[in-house]
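Some notes on the structure that comes next.
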Amino acid sequence: MENILEEVKASFVKDLMSKGKRVDGRDLLQYREISVEKGVLPNDDGSALCRIGGTKVYAAVKFDLMMPFPDRKDEGVFMVGSEFSPMAHPTFEAGPPREDSIELSRIVDRGLRGAEAINLAELGKTKTEEGKVFALFVDLHVIDHCGNLIDAAVLAASAALSCTRIPKFEDDAIVRGEYASDFKPQRLVAACSFEKIAGKIVADASNEEEVASDGRLTLSCTHDGKICAAQKSGAVGFTAGELMQLIDLAQEKKDGLLSKI
């Protein structure tokens, strides 16, 4: 029954899209309302809540100590994880990470790394006698999924990093609740995701539009307009002309997204 309903939704969306229309009446490249709240989780070293339409994603930043990777002994550690709450969408279930949860973590991670937003060499300067270094973790929590999780998650992560504080390090340990200084990301990052549906390209797809999508392209941009990462998914491709058009659009849209931080 669920598959039949999804097919009906997809057919309806594609029929509208073939006429250049969207279910909610937006223009094809128009985003829903965007908002960002910083410092919403007081027990974390940095946090933010991003809303794009009905989609809500929390990002929580936490410092810890761990052994560096063997091939990067002089660098700190940076990791991104994500959790899909079963309350966020009917298809989300409790248990091991889903494929789309892993994909979301990787896209956010790739964008921040590609932008060199985190100075890993600086994190690596803090070392314990055992050789552990500062590790920075960004945990994403999807609270409501109404489409376009990627753009919301990347914006939430950037916002959380922008208000993160570095904890004190004394006697070979982190002093929880006390801070040495503000953490300053080297660059802010925004992601712009485009879906191809019935031959048309739309920005900020709703959940129904994602069901009908034939292919997605996500472009991550730094605040100074550089493309730092790209992710393609779905069966349908994008032409060279479409790619160049979307690069220009992503650089344009990122200003509106980052202005919310």
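Within region 228-261, the set of residues being under 16 Å from the mean Cα position of the chain (by Cα), not hydroxyl-bearing (Ser, Thr, Tyr) and not in a helix (DSSP H, G or I) comprises CYS228, ALA229, ALA230, GLN231, LYS232, LYS260, ILE261. Annotation note: Cβ proximity below 6 Å between a residue of region 94-122 that is closer than 16 Å to SER82 by Cβ and a residue that is modelled with pLDDT of 95 or more and β-branched (Val, Ile, Thr) (sequence gap 6+ or interchain) occurs for SER105/VAL80; ILE107/ILE150; VAL108/VAL80; VAL108/VAL154; ASP109/VAL80; GLY111/VAL154; GLY111/VAL189; LEU112/VAL189. Being under 22 Å from LEU258 (Cα atoms), part of a strand (DSSP E or B) and charged (D, E, K, R) is the filter; apply it to region 118-170 and report the residue that is nearest to the chain's Cα centre (by Cα). That would be ASP139.
Which condition number does PRO90 fail, the rest of (1) at pLDDT 95 or above; (2) closer than 25 Å to ASP204 by Cα being met? Condition (1) is where PRO90 drops out.
Residues in region 152-195 that are in contact with a Phe, Trp or Tyr (Cβ under 7 Å, 6 or more places away or on another chain) and among the basic types (Lys, Arg) were compared, and the one that is nearest to CYS228 (Cα to Cα) is ARG165. Checked against (1) small (Gly, Ala, Ser); (2) surrounded by 12 or more Cβ atoms within 10 Å (Cβ to Cβ); (3) outside any helix (DSSP H, G or I); (4) at pLDDT below 95, ALA10 meets all criteria but (3). Across region 124-152, the qualifying residues are those that are of a type in the set (A, V, I, L, M, F, W, C) and modelled with pLDDT under 95, and the one among them that is surrounded by the fewest Cβ atoms within 10 Å (Cβ to Cβ) is ILE143.
The values are calculated or read from the model by the stated rules, or taken from the named source; none is laboratory data. If you're wondering where the values come from, they're calculated on a predicted model, not measured in any experiment. A quick note on method: Cβ atoms are made from the backbone with ideal geometry, for glycine too, and the neighbour counts reach across all protein chains shown.
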